[in-house]
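**Student:** Submitted below is the structure of interest, expressed as structure tokens.
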Amino acid sequence: MSQDQTTTVWAKTALVGNEWQSNVQLTLSMGKITRIIANAPADGHLANGHQAALLLPAPANGHSHGFQRAMAGLSEARGPSGQDSFWTWRQLMFRFLDHLTPLQVQAITAYAQMEMLEAGFGASVEFHYLHHQPSGQPYDDLAELSARIIAAADISGIGLTLLPVMYQYGGCDGRALGRGQRRFGNDLDRYSQLMSAVRNAVRMLPDDCQTGTAPHSLRAVAARDVQAIAELAQGGPVHMHLAEQLPEVAEVQAAYGARPVEWALDNLPIGPNWSLIHLTQMTPQETCDMAQTGAVAGLCPLTEASLGDGIFDGVRWFENGGRMAIGSDSNIRISLAEELRQLDTSQRLRDHSRAALATRQLSTGRRIFQAAAAGGAQAAGRGSGRIEVGAWADLLALDMSHPDLADLSPNTALDTFVFAGGNDMVRDVWSAGRHVVQDRQHIARDAITAAYRKAIKPLRDGL
Ligand code: ZN
């Protein structure tokens, strides 16, 4: 899966910068777009190149916990209390974690990454909090499980931004981690060692891959340590779960005397290298203020719906210039188009509106797709998200021979992909020039799927 050689991609139509251009020839070299020529004839460029009908920048997936892919569909029965919630789902995850081995983590994550690529994502930000053995003892190599995520990216070819997560406490009051959380825990010293080890390990991946840091949430990290963890990112991305659930808002309010977003705005140097994941529980004022910091809202609409988190205020966020990335979080379903659709339809259901996030100039699909491409790149700390010279070649070609896309204008085709289609319309995907999805399938689909099947069998038997 080399990205070293120079190749060309010719597109009948491509979204170059913010404009549709016709007959576009891209030159890709060392993983980047090095030349763009509009109005280039198709002939003569195909011997060592590829042809696309409609070429788009492939957005980065802004938030994932890869191993959770193996739990998809397993927590939908009613529990004994009749009060199923995020917190009962979390109990299932903790049972899962009693068994999960490093090789299983690798196989499940590679499978999730393969599905991300097949869905049209060009990169993945892994919010990785599983660090230790089931007993809570660190592995001999402190970064053992981070190395499994890195190995998964090597197998899938996805552009990885790996964020080892700092997880310290079981709640805002500083209580010890619960039994189900002992694989997550580090103090600041050990976290700092982990970061150094992970920084080293990521060097085995291509140059587009990198690290950042992630204080898990205000529930799990001491307020005084959040800034120190952010500094360990050395200018790279910093991600934190924030304001996802009502009980979390209440807990933070009781401990800190302020709501989570209010507290973060007053006490943290929130800016463009920060991504706040979820933000489903904000007041209108918090939404305006947070949007104006230039930080990214890491939205995971399918998971937020699945867990009953609440509805992100996308209308107000965008009105205030807010930026957003789309993540698949719990990976209960991996689909870029469905995530974008859920984001917009949640606004419609709340406000009794239609085309809630469209503007005068841009139709809904076009607007939120481009926002996800730009914001995803920002969240991943990745020079991608636009088709332009110098950007990583994260590219997505839609299958214009699909009956629902045939003969549509580029804007309408993009709207149709988001609102009436999905993964089956994704024909080719390149991650930093690695042509990993070809003709609707990942190039290593069979091997990755076989490893995944083998990994989940004993896990399912053990539940
Ligand atoms: Zn998450």
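The values are calculated or read from the model by the stated rules, or taken from the named source; none is laboratory data. All values reported here derive from a predicted model rather than from experimental measurement. Cβ placement follows ideal geometry from the backbone for every residue including glycine, while neighbour counts extend to all protein chains displayed. Surface areas here come from the heavy atoms of the whole protein model, side chains and all, with no ligands, DNA or RNA. Shrake-Rupley method; radii C 1.70, N 1.55, O 1.52, S 1.80 Å.
**Student:** What is the residue count in segment 225-246 for residues that are in a helix (DSSP H, G or I) and surrounded by 19 or more Cβ atoms within 10 Å (Cβ to Cβ)?
**Tutor:** Total satisfying the criteria: 3.
**Student:** When you scan segment 215-224, how many residues do you find that are at pLDDT 95 or above and open to solvent by 50 Å² or more (accessible area, probe 1.4 Å)?
**Tutor:** The total comes to 0.
**Student:** Let me ask something else about it. Of the residues Thr280, Thr287, only one is β-branched (Val, Ile, Thr), at pLDDT 95 or above, within 16 Å of the ligand (Cβ to nearest atom) and outside any strand (DSSP E or B); which?
**Tutor:** That would be Thr280, the only listed residue that is β-branched (Val, Ile, Thr), at pLDDT 95 or above, within 16 Å of the ligand (Cβ to nearest atom) and outside any strand (DSSP E or B).
**Student:** May I pose another question? From the list Gly314, Gly327, Gly308, exactly one residue is within 20 Å of the chain's Cα centre (by Cα), away from the ligand (no atom under 16 Å from the Cβ), touching a residue at least 40 places away in the same chain (Cβ under 8 Å) and more than 19 Å from Ala413 (Cβ to Cβ). Which is it?
**Tutor:** Of Gly314, Gly327, Gly308, the one residue that is within 20 Å of the chain's Cα centre (by Cα), away from the ligand (no atom under 16 Å from the Cβ), touching a residue at least 40 places away in the same chain (Cβ under 8 Å) and more than 19 Å from Ala413 (Cβ to Cβ) is Gly314.
**Student:** How about segment 290-305: which of its residues are more than 16 Å from the ligand (Cβ to nearest atom) and either surrounded by fewer than 22 Cβ atoms within 10 Å (Cβ to Cβ) or not assigned by TED's automatic domain parsing to the domain that holds Leu265 (or both)?
**Tutor:** If the condition is that a residue be more than 16 Å from the ligand (Cβ to nearest atom) and either surrounded by fewer than 22 Cβ atoms within 10 Å (Cβ to Cβ) or not assigned by TED's automatic domain parsing to the domain that holds Leu265 (or both), then Gln292, Thr293, Gly294 are the ones that fit.
**Student:** Tell me, which strands (runs of 3 or more DSSP E) wholly within segment 1-117 include 2 or more residues that are within 16 Å of the ligand (Cβ to nearest atom), open to solvent by less than 10 Å² (accessible area, probe 1.4 Å) and modelled with pLDDT of 95 or more?
**Tutor:** Of the strands (runs of 3 or more DSSP E) lying wholly inside segment 1-117, those with at least 2 residues that are within 16 Å of the ligand (Cβ to nearest atom), open to solvent by less than 10 Å² (accessible area, probe 1.4 Å) and modelled with pLDDT of 95 or more span 60-64.
Residues are listed down the side, and each one gets a yes or a no for (1) modelled with pLDDT of 95 or more; (2) of a type in the set (Lys, Arg):
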position: Gly174; (1), (2): no, no
position: Arg179; (1), (2): no, yes
position: Phe184; (1), (2): yes, no
position: Tyr191; (1), (2): yes, no
position: Met195; (1), (2): yes, no
position: Arg199; (1), (2): yes, yes
position: Val202; (1), (2): yes, no
position: Thr213; (1), (2): yes, no
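**Student:** Which number in (1) crowded, with 24+ Cβ neighbours inside 10 Å; (2) modelled with pLDDT of 95 or more; (3) in a loop (DSSP other than H, G, I, E, B) marks the one condition that Leu163 misses?
**Tutor:** Exception for Leu163: condition (3).
**Student:** Let me ask something else. Please work out if Asp407 is in a helix (DSSP H, G or I) and open to solvent by 20 Å² or more (accessible area, probe 1.4 Å).
**Tutor:** Considered against the rule, which asks whether it is in a helix (DSSP H, G or I) and open to solvent by 20 Å² or more (accessible area, probe 1.4 Å), Asp407 comes out as no.
**Student:** Can you pull out the residues in segment 228-252 that are away from the ligand (no atom under 16 Å from the Cβ) and out of contact with any helix residue (DSSP H, G or I) (no Cβ under 8 Å at 6 or more places or on another chain)?
**Tutor:** Result: Ala230, Glu231, Ala233, Gln234, Gly235, Gly236, Leu246, Ala250, Glu251.
**Student:** For Ala201, are the conditions met, namely being in a helix (DSSP H, G or I), under 25 Å from the mean Cα position of the chain (by Cα) and surrounded by 20 or more Cβ atoms within 10 Å (Cβ to Cβ)?
**Tutor:** Answer is no for this residue.
**Student:** Please indicate, with yes or no, whether at least one residue in segment 355-371 is closer than 26 Å to Gly235 by Cβ, assigned by TED's automatic domain parsing to the domain that holds Pro164 and either part of a helix (DSSP H, G or I) or open to solvent by 10 Å² or more (accessible area, probe 1.4 Å) (or both).
**Tutor:** There is at least one residue in segment 355-371 that is closer than 26 Å to Gly235 by Cβ, assigned by TED's automatic domain parsing to the domain that holds Pro164 and either part of a helix (DSSP H, G or I) or open to solvent by 10 Å² or more (accessible area, probe 1.4 Å) (or both).
**Student:** Looking at segment 330-345, which of the residues that are open to solvent by less than 20 Å² (accessible area, probe 1.4 Å) and of a type outside the set (Asp, Glu) is nearest to the ligand (Cβ to nearest atom)?
**Tutor:** By that ranking, first place goes to Ser330.
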